[in-house]
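Q: Structure in structure tokens, see below.
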Amino acid sequence: MSIRERLSGNEASAIAMRQINPDVVAAFPITPSTEIPQYFSTFVSNGQVDTEFVAVESEHSAMSACIGAEAAGARAMTATSANGLSFMWEMLYIASGSRLPIVLSLVNRAVSGPLNIHNDHSDAMGVRDAGWIMLFSENNQEAYDNLIMAHQIAENKDVMLPLMVCQDGFITSHSIENIELIEDDKVKDFVGKYQPEHYLLNHAEPVAMGPMDLQAYLFEHKYQQAEAMRNAKKVILDVADRFEKMTGRKYSFFEEYKLDDAEIAIVCMNSTAGTSKAVVDELRSNGIKAGLLKIRVYRPFPVEEVAKALSHLKAVAVLDKDDSVNAAGAPLFTDITSAMYACSNVHIPIVNYIYGIGGRDTTTKEISRVYEDLQEIAKTGKVENPFRYFGLRKGGK
Amino acid sequence: MENLLEIRWHGRGGQGAKTASLLLADAAFNTGKYIQGFPEYGPERMGAPITAYNRISNSPIVIHSNIYEPDYVVVVDDTLLESVDVTAGLKESGAIVINTIKDADYLKKVLKGYNGGIYRIDARKISEEALGKYFPNTPMLAAIVKVANIMDEKDFLNDMRSSFNHKFAKKPEVIEGNMKALEMALNEVTKIN
């Protein structure tokens, strides 16, 4: 029997970490993820975990400490947000390039400047090419479940890549909601013991980690990293299968909500997907064939599967809680349109909406208006301007 | 969403409106409901106006936005009445519960013709009498439970006692005062419109 609880997304993430009981947690506090290491350090003080908690002096050091710990053969975790992740940036590449399956809980927040502590996805999008597996979570339950699945994906010998679990800062990190927790012993069995093939503290096999890697081999090593990311797709599904057997909760690359027979659909990530579901239900009750595709696995990006899932639609809107500031489309839109072009023979009208920047609240009314736009586009088959905004003050002033 | 109840709290930083919204979520959760309790974070500091929210439902809650058309509004500090539009979007089928000793005429005027239920409670008097200190959130929590008929009063009191036992494990001397504040508030909240 699962445990019925009510927790914030941060509490749920900290509890997942307690149940995982990693060897090392190194973290530096930053809003809105601060509560995760804060709760976790309480578990350490209370003797509820065996973890070595390293209270580092910066996020750069947090990631460095995780890298050192993983290289030594330990299981290491951390949590951060926004500028904390930015400050880790060079170490993120060293973690993935060194094939160290560190797990990071990222509570999404706008990257400064100007200074803003609220939610958008600019932090995650800034590291989308850093070679990390990236899972997104609609609510506290998914943030928890994704963390429980994280090590089994990251540490698989065909993968060996770091992984971050994202959730929306404040919107889910600080909202108390119902959640089903898994019993400690079940999580322990599911997560298992980390047994790396090669590690520094193995005196039977002395190895070097992180040496110079020039023209002769870096290309091959980068190719192997890319192969590992491709391999991660199968592993993610296998782990989701095992997780479903344990909990009854089903996960895949993305969630298709009333998408099968839909004519129009929104593609989005994290908490906005929940708000969109409420709108889809409302539209469906009025006979409008609306659907939703919620991306869970953003890296590796499931190109073929996304293209297939959207190929029957008459119009699609991709919502980005981030702006690439490139005079073109935002990241998720670019990924979706690229998938549709490369892996699908059909041309579907697609529009991009940038929304929710810096914590601007996203309402059912605004989502409804997007579906209204989609109905219009589906009727005419034409997209006048694919690069749009919603929730923005008129004229951007 | 079946029987979705939406509540908005207005208070000032330090008065415990956020804590009250979390306690309300807790109490409703314990009756088997689906709940959300979340504050709207801004530049938080003592005395600044703050907003917190609750959703309570019999089925899972998927919406993640602030609440613009609440069924109920709780005002923890009546000095907000003239500076914050506390009835914005408030349904006329619902009600507003205010911690105040101001008279009915003043309240009706300052609420700009709001035609739904208006309830008044002197949470300062209750808190000072029961706790010896001014913590308005405990009486306001009881008042909204009663006005919105969120749960049976006995169940609520039993549930709160176990919450307080847990929350104040290191300060057991404040438990009885808080319980008294809840009971007084259940009795004293009054409908004036």
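The values are calculated or read from the model by the stated rules, or taken from the named source; none is laboratory data. Everything quoted here is computed from the prediction, not taken from an experiment. Because the Cβ atoms are built from the backbone with ideal geometry, glycine has one as well, and the counts that use them run over all protein chains shown.
Q: Against the condition more than 26 Å from B:TYR34 (Cα to Cα), among the β-branched types (Val, Ile, Thr) and either within 14 Å of chain A (Cβ to nearest Cβ) or assigned to a loop (DSSP other than H, G, I, E, B) (or both), how does B:ILE118 come out, does it pass?
A: So B:ILE118 does not fit the description; no.
Q: Which helices (runs of 4 or more DSSP H) sit wholly inside region A:302-397 and have at least 2 residues that are under 18 Å from A:GLY291 (Cα atoms) and within 14 Å of another protein chain (Cβ to nearest Cβ)?
A: Those helices (runs of 4 or more DSSP H) span A:364-380.
Q: Could you run through region B:164-178 and say how many residues are surrounded by 16 or more Cβ atoms within 10 Å (Cβ to Cβ) and farther than 16 Å from B:PRO136 by Cβ?
A: Total meeting the criteria: 3.
Q: Check B:MET46 against each of (1) at pLDDT below 95; (2) surrounded by 21 or more Cβ atoms within 10 Å (Cβ to Cβ); (3) hydrophobic (A, V, I, L, M, F, W, C) and name the one condition it does not meet.
A: (2)
Listed here are the residues, each with its yes/no results for (1) away from chain B (no Cβ under 14 Å); (2) more than 26 Å from the chain's Cα centre (by Cα).
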position: A:SER175; (1), (2): no, no
position: A:LYS188; (1), (2): yes, no
position: A:HIS198; (1), (2): yes, yes
position: A:TYR223; (1), (2): yes, no
position: A:GLU227; (1), (2): yes, no
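Q: For A:HIS312, are the conditions met, namely being assigned by TED's automatic domain parsing to the domain that holds A:GLU372, more than 18 Å from the chain's Cα centre (by Cα) and at pLDDT 95 or above?
A: Yes, satisfied.
Q: Here is a further query. For the structure I just gave you, tell me whether A:GLY210 is of a type in the set (Gly, Ala, Ser), over 24 Å from the mean Cα position of the chain (by Cα) and either within 13 Å of another protein chain (Cβ to nearest Cβ) or on the phi > 0 side of the Ramachandran plot (or both).
A: For A:GLY210, the condition - of a type in the set (Gly, Ala, Ser), over 24 Å from the mean Cα position of the chain (by Cα) and either within 13 Å of another protein chain (Cβ to nearest Cβ) or on the phi > 0 side of the Ramachandran plot (or both) - is met.
Q: Let me ask you something else. Return only the number of the condition from (1) touching a helix residue (DSSP H, G or I) at 6+ places or on another chain (Cβ under 8 Å); (2) assigned to a helix (DSSP H, G or I) that A:ASP241 does not satisfy.
A: It fails just one condition, (1).
Q: Can you confirm whether region A:267-283 contains a residue that is assigned to a loop (DSSP other than H, G, I, E, B), surrounded by fewer than 24 Cβ atoms within 10 Å (Cβ to Cβ) and outside the structural domain of A:GLN141 (by TED's automatic domain parsing)?
A: no
Q: Another question, if that's okay. For the subset of region B:95-106 comprising residues that are touching a residue at least 40 places away in the same chain (Cβ under 8 Å) and surrounded by 20 or more Cβ atoms within 10 Å (Cβ to Cβ), which member is farthest from B:GLU188 (Cα to Cα)?
A: Within region B:95-106, the match that is farthest from B:GLU188 (Cα to Cα) is B:ALA95.
Q: Of the conditions (1) more than 10 Å from chain A (Cβ to nearest Cβ); (2) under 19 Å from B:ASP155 (Cα atoms), B:ALA25 satisfies every one except a single condition; which number is it?
A: (1)
Q: If you don't mind, another one. Against the condition touching a strand residue (DSSP E or B) at 6+ places or on another chain (Cβ under 8 Å), at pLDDT below 95 and over 21 Å from B:ALA48 (Cα atoms), how does B:ILE118 come out, does it pass?
A: In short, no.
Q: Does region A:97-116 include one or more residues that are closer than 18 Å to A:VAL165 by Cβ, within 14 Å of chain B (Cβ to nearest Cβ) and basic (Lys, Arg)? Can you show your working first?
A: Start the filter on region A:97-116 by keeping residues that are closer than 18 Å to A:VAL165 by Cβ, which leaves A:100-109.
Filter once more, so that each one left must be within 14 Å of chain B (Cβ to nearest Cβ): A:107-109.
Remaining after also requiring basic (Lys, Arg): A:109.
Yes.
Q: A further question on this structure: Could you list all residues from region A:255-299 that are among the aromatic types (Phe, Trp, Tyr) and either more than 14 Å from every other protein chain (Cβ to nearest Cβ) or under 13 Å from A:THR364 (Cα atoms) (or both)?
A: A:TYR298 - this is the single residue of region A:255-299 that is among the aromatic types (Phe, Trp, Tyr) and either more than 14 Å from every other protein chain (Cβ to nearest Cβ) or under 13 Å from A:THR364 (Cα atoms) (or both).
Q: Kindly indicate the residue of region A:344-380 that is out of contact with any His (no Cβ under 9 Å at 6 or more places or on another chain) and at pLDDT below 95 and also surrounded by the most Cβ atoms within 10 Å (Cβ to Cβ) among those meeting that condition.
A: Residue satisfying both the conditions and the ranking: A:SER344.
Q: If you don't mind, there's one more thing I want to ask. Could you tell me which numbered condition B:VAL110 fails, if it satisfies all but one of (1) surrounded by fewer than 20 Cβ atoms within 10 Å (Cβ to Cβ); (2) touching a Pro at 6+ places or on another chain (Cβ under 8 Å)?
A: Here B:VAL110 clears every test but (2).
Q: If I ask for residues that are of a type in the set (Asp, Glu), in a helix (DSSP H, G or I) and over 24 Å from B:GLY14 (Cα atoms), which ones from region B:137-187 would you list? Steps first, please.
A: Filtering region B:137-187 for residues of a type in the set (Asp, Glu) gives B:152-153, B:155, B:159, B:173, B:176, B:183.
In the following step, the residues that additionally are in a helix (DSSP H, G or I) were identified as B:153, B:155, B:159, B:173, B:176, B:183.
Once the filter is applied, which keeps residues that are of a type in the set (Asp, Glu), in a helix (DSSP H, G or I) and over 24 Å from B:GLY14 (Cα atoms), region B:137-187 yields B:GLU153, B:ASP155, B:ASP159.
Q: Taking A:ASN139, is it surrounded by 24 or more Cβ atoms within 10 Å (Cβ to Cβ), touching a strand residue (DSSP E or B) at 6+ places or on another chain (Cβ under 7 Å) and within 14 Å of chain B (Cβ to nearest Cβ)?
A: Judged against the criteria, A:ASN139 is a match.
Q: May I ask you to verify whether A:MET77 is at pLDDT 95 or above and crowded, with 24+ Cβ neighbours inside 10 Å?
A: yes
Q: In the set A:ILE153, A:ILE179, which member is under 30 Å from B:TYR53 (Cβ atoms) and among the aliphatic types (A, V, I, L, M)?
A: Answer to the selection: A:ILE179.
Q: Another question about this same structure. Taking region B:57-72 as the region of interest, how many residues are outside any loop (DSSP other than H, G, I, E, B) and within 11 Å of chain A (Cβ to nearest Cβ)?
A: Going through region B:57-72 one residue at a time, the tally reaches 1.
Q: Answer yes if at least one residue in region B:38-51 is in contact with a helix residue (DSSP H, G or I) (Cβ under 6 Å, 6 or more places away or on another chain), at the interface with another protein chain (Cβ under 10 Å from one of its Cβ atoms), part of a helix (DSSP H, G or I) and within 28 Å of B:ASP152 (Cβ to Cβ), and no otherwise.
A: Looking through region B:38-51, none of the residues is in contact with a helix residue (DSSP H, G or I) (Cβ under 6 Å, 6 or more places away or on another chain), at the interface with another protein chain (Cβ under 10 Å from one of its Cβ atoms), part of a helix (DSSP H, G or I) and within 28 Å of B:ASP152 (Cβ to Cβ).
Q: Next question, about the same structure. Within region B:73-89, which residues are more than 30 Å from A:ARG4 (Cα to Cα) and either in contact (Cβ under 8 Å) with a residue 60 or more places away in the chain or in a helix (DSSP H, G or I) (or both)?
A: Those that are more than 30 Å from A:ARG4 (Cα to Cα) and either in contact (Cβ under 8 Å) with a residue 60 or more places away in the chain or in a helix (DSSP H, G or I) (or both): B:VAL75, B:VAL76, B:ASP77, B:ASP78, B:THR79, B:LEU80, B:VAL84, B:VAL86.
Q: Return yes or no: is A:GLU177 among the acidic types (Asp, Glu), in contact with a Lys or Arg (Cβ under 9 Å, 6 or more places away or on another chain) and surrounded by 24 or more Cβ atoms within 10 Å (Cβ to Cβ)?
A: Numbers: among the acidic types (Asp, Glu): yes; in contact with a Lys or Arg (Cβ under 9 Å, 6 or more places away or on another chain): yes; surrounded by 24 or more Cβ atoms within 10 Å (Cβ to Cβ): yes.
Here the answer is yes, as A:GLU177 does meet what is asked.
Q: What number goes with the only condition from (1) of a type in the set (Lys, Arg); (2) at the interface with chain A (Cβ under 9 Å from one of its Cβ atoms); (3) closer than 21 Å to B:ARG124 by Cβ that B:LYS33 does not pass?
A: Only one criterion is unmet by B:LYS33, namely (3).
Q: Pairs needed: first member in region A:59-82, without any contact (Cβ under 8 Å) to a residue 12 or more places away in the chain and under 17 Å from A:GLY126 (Cβ atoms); second member anywhere, of a type in the set (Lys, Arg) and part of a helix (DSSP H, G or I); C-beta distance under 8 Å; at least 6 residues apart or different chains.
A: Sorted first by the residue in region A:59-82, then by its partner, the list stays empty.
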